[in-house]
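Structure first, then comments.
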Amino acid sequence: MIQKQWNPTTVGTGFDLPPILKPFEKVRDNINVLSGLAHLQADTFGDGTGDHHTGRGTGMACSGVHGV
């Protein structure tokens, strides 16, 4: 994923939609685009399985524990 293709370059209610988000043009007034969210414990610390495995503990399960 190329993160910068998902982030609008302007903020506020009149934010621009990058090409990848253009399908949301008709509902722009009803959505929020959040960026810059991260959790250190979702990173891999050399334990091999990477973000998909560690992300469960920080995002889906919301425990904030690495590698749940």
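A compact table of results
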| item | result |
| --- | --- |
| Residue in segment 11-26 that is modelled with the highest pLDDT, counting only those that are β-branched (V, I, T) and surrounded by 10 or more Cβ atoms within 10 Å (Cβ to Cβ) | I20 |
| Per-region count, segment 7-34, residues in a helix (DSSP H, G or I) and under 15 Å from the mean Cα position of the chain (by Cα) | 2 |
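The values are calculated or read from the model by the stated rules, or taken from the named source; none is laboratory data. Because the structure is predicted, anything quoted here is derived from the model rather than measured. Heads up, the Cβs are rebuilt from the backbone with ideal geometry, glycines too, and the neighbour counts pull from every protein chain shown.
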